[in-house]
Every structure is written in C-alpha cells, then in structure tokens.
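The values are calculated or read from the model by the stated rules, or taken from the named source; none is laboratory data. In this text, all values refer to a predicted model and were calculated from it rather than measured experimentally. Cβ atoms come from the backbone with ideal geometry, glycine included; neighbour counts cover every protein chain shown. Calculation scope for accessible area: heavy atoms of the full protein, side chains included, ligands and nucleic acids excluded. Shrake-Rupley method; radii C 1.70, N 1.55, O 1.52, S 1.80 Å.
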Amino acid sequence: MHLVRPATPGDPAMNPKTLPHSVAASAPARICLAGESLDWMIDGPSVVAAVPLRTTVRITRGVGDTVHLQAAEPINATRHTTVKDLGRYRGDPMDLLQATAYVLAETCAGVLPGSQISSITRVPVGAGVSSSAAVSVAASAALLLAGQNSIPAPRTVATAAHAAEAMQLHSGAGWMDFLACAYGGVNHLTGGTPAMIRPLREEIGCPIILIDTLDRRATARTLVGKHERFYTGDADLRHYAVVAPRIVTDLAELLAMPDADYPAIGELLQEAQTLLRERVRCSTPIIDECVTRAVKAGAYGAKITGSGHGGCLFALAPVEMVPAVRAALSDLPVRVMLFTTGEPHGVVILPDQSEEPV
C-alpha cells in the first residue's frame, strides 16, 4: 500500500492528469495524554499522541450538479445534495463531510459539482479518540488537494477542519483534535489564536493499550454539558482548569527527553485520571475498573482519552507486562487494541487507488 507523507506543502501533485479525477487523504486517530478540554476552557495546553487507526476520505470527480456523500461502516449512510445546499445540515454524522465541503466550496469550485466524497474508517466512532476530527481533517486535505492540485500544509488542513466542525456545526471542539490529527506524532499543543504546536517526539516509545468500553455517548451533548458547567462557574471544573495545565507541562517535559521516564509519566497519567474522575466527573464504573486492573497488572498508568462518559481509555505499559495487562482485562465487556508503536505521520496523501491504510 502506497502512502505519501506531505513532505513539502505546496509542491505540485504527483500526476496532474489523473490526480484531479480521484484523490484521497488519510488522517490518524489520537489519544490525549493530558489536558482534555483545556483548549476551549482557557486556550490551554494538552499533550496528544497519534495512534495507527486511520480514516480515509476519497474525492472522485463526476458529472452533473449533485454532490454525492458516502460513509462506510459504522455510519453506513449516503446523502445527495447540491453545491448551493451544502450549508443546510441535517444533524447527523454525514454533516461532517458536508460541512467540510461547504467550507472549501470556493476552493473546490471546479471539483465539487458531480463529485463523490466518500469516507472509510478504522477509528471507533464517538469513543474519545477524535473520530470526527479525523474525518474532517482527511476530507479537508483531499478537497484542498483536488481543488488546488498541490499538497496542503498541515496547518491549512487543520484550519479548514476546525472551521467545518467547530464553526459550521458548532460542536464546541477546540483546536486540539484537529492539530493532533493533521500533524501526527506526539505534540504539546496550546489553544488560542493562533493555536501553537510543539513536537515532542515521533512516538511515545512504549506499547499503547487502547481499551474501548463500547459504551457510547453523544459527543455534542457531552461538550454542551461541560460548557454549561464551566461558564456558570462550576468549582470542580474551575479547579481542573487550574491544576491540569501543570500536569500537561510536566508530562511534556518528560516526553521531550531522549530517554523518557515512563514510571514518572505513568504517575502523571494517574494524576490526570483522578482529576477527570473526581473533578470533571466524566469517568464510568467500567472505565474505573479498567484503570484499576491495568495498573495493578503492571501498566505505567491508564486514563480516559477525550470527553469520557464512556468511549475509550488507554494504558501505557512495559513490553514485558503487556500480556498481563491484557489478561487482566480479558473478562470485561471491552475491546482491547494493542499498538506496539505510535503513529509518527499525520495527514497523508494517497495518490493512487489504494484502499484505506490500516
């Protein structure tokens, strides 16, 4: 399978004769090591790491005036609209593709009419690993490539994706997810205008055990609830906004070192998880049980990733303790995914007819 990382943004596309007919881009999922929600709360910091679960969006040119939107499983839906109606949303997951096309309609004026925009994913949807941002980032990159016939910069891609999801669909999301998916690797991010990104390392450097509780929550409603609590002066969320940035800073310093101190990183993960459980109140009994079992079995640390109230958590573990951690979780109603490596690449371009990357 041929993947091309956008090495030099602005470079001409690979084959100008065939690329405008069908192009695709892929974006990874991410875990948040610390700093959930700080981007929209206080323009604050977070530490994020991409994981090798990807979403691919393909743009195929056609004829006529209709824009055809298609999402494979688990969304498994189609929609047909016109360019002039792209800004009319219906309140379902297909709005992500539609909003991204709307934001980039002028750039893609010669591409959108008659085109098909299709997505396929390996990312658990609505589980706190940025499945929606992966869609909007991959769609933005593919549309920019098709419309401009040149490889877009990650910042340009993230900006378009943020405009689609946060500004068009009013999801309440900050900058964290879009930058994490666009850039890949392990990064220290800071919200604000402009949002800042500081690369820490290409990969975390130890196994990542991603645990999906299979318990889904509506991300938009979850974010709305947190917004209401924070802006009405909820004491627990205000406490979180004061304490969590220090955890992010300490974690970033450890990850920036050539030889990371993983036991110390694990302690910070546990501190962050305690804040999320006790102050943000976004943990669940099954998440708490997974965290307890993973750490008792030898993981450095384990915590929620994303909005919580269900979805995923992750554990970092020494290689030799991975079997014990997996065994400790084996009788729980969860899905366990093991990544022996992180994902150094963010958004990438697929210039051929390859299937989506694993």
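Checking the structure you have, find out if any residue of the stretch 223-239 is buried (at least 17 other Cβ atoms within 10 Å of the Cβ) and within 30 Å of Pro318 (Cα to Cα).
No.
Report, by residue number, each residue of the stretch 116-148 that is over 10 Å from Thr55 (Cα atoms) and of a type in the set (A, V, I, L, M).
Correct list: Ile117, Val125, Ala127, Val129, Ala141, Ala142, Leu143, Leu144, Leu145, Ala146.
For (1) assigned to a strand (DSSP E or B); (2) of a type outside the set (S, T, N, Q); (3) in contact (Cβ under 8 Å) with a residue 60 or more places away in the chain, each residue gets a yes or a no:
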site: Glu36; (1), (2), (3): no, yes, yes
site: Asp39; (1), (2), (3): no, yes, yes
site: Ser46; (1), (2), (3): yes, no, yes
site: Arg54; (1), (2), (3): yes, yes, yes
site: Val67; (1), (2), (3): yes, yes, no
site: Ile75; (1), (2), (3): no, yes, no
site: His80; (1), (2), (3): yes, yes, no
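Can you tell me which of (1) modelled with pLDDT under 90; (2) buried (at least 23 other Cβ atoms within 10 Å of the Cβ); (3) not aliphatic (A, V, I, L, M) is the one Pro20 doesn't meet?
(2)
Which of the residues belonging to the stretch 285-301 are under 23 Å from the mean Cα position of the chain (by Cα) and open to solvent by less than 20 Å² (accessible area, probe 1.4 Å)?
Listed by number, the residues that qualify are Ile287, Cys290, Val291, Gly301.
How many residues does the stretch 44-78 contain that are crowded, with 24+ Cβ neighbours inside 10 Å, under 20 Å from Met94 (Cα atoms) and polar (S, T, N, Q)?
2
Take the conditions open to solvent by 10 Å² or more (accessible area, probe 1.4 Å), touching a Pro at 6+ places or on another chain (Cβ under 7 Å) and assigned to a helix (DSSP H, G or I) and apply them to Val322. Does it pass?
yes
What is the residue count in the stretch 106-151 for residues that are open to solvent by 20 Å² or more (accessible area, probe 1.4 Å) and of a type in the set (A, V, I, L, M, F, W, C)?
Qualifying residue count for the region: 5.
Condition check ((1) in a helix (DSSP H, G or I); (2) at pLDDT 90 or above; (3) not polar (S, T, N, Q)) across all residues:
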{"site": "Arg217", "(1), (2), (3)": "no, no, yes"}
{"site": "Leu223", "(1), (2), (3)": "yes, no, yes"}
{"site": "Asp236", "(1), (2), (3)": "yes, yes, yes"}
{"site": "Tyr240", "(1), (2), (3)": "yes, yes, yes"}
{"site": "Val243", "(1), (2), (3)": "yes, yes, yes"}
{"site": "Leu255", "(1), (2), (3)": "yes, yes, yes"}
{"site": "Ala260", "(1), (2), (3)": "no, yes, yes"}
{"site": "Glu271", "(1), (2), (3)": "yes, yes, yes"}
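Looking at (1) part of a helix (DSSP H, G or I); (2) touching a Ser or Thr at 6+ places or on another chain (Cβ under 9 Å); (3) small (Gly, Ala, Ser), which is the one condition that is false for Gly308?
Tallying (1) part of a helix (DSSP H, G or I); (2) touching a Ser or Thr at 6+ places or on another chain (Cβ under 9 Å); (3) small (Gly, Ala, Ser), Gly308 fails exactly one: (1).
Suppose we filter Ser136, Ser119 for residues that are touching a Ser or Thr at 6+ places or on another chain (Cβ under 9 Å) and assigned to a strand (DSSP E or B); which single one remains?
Ser119
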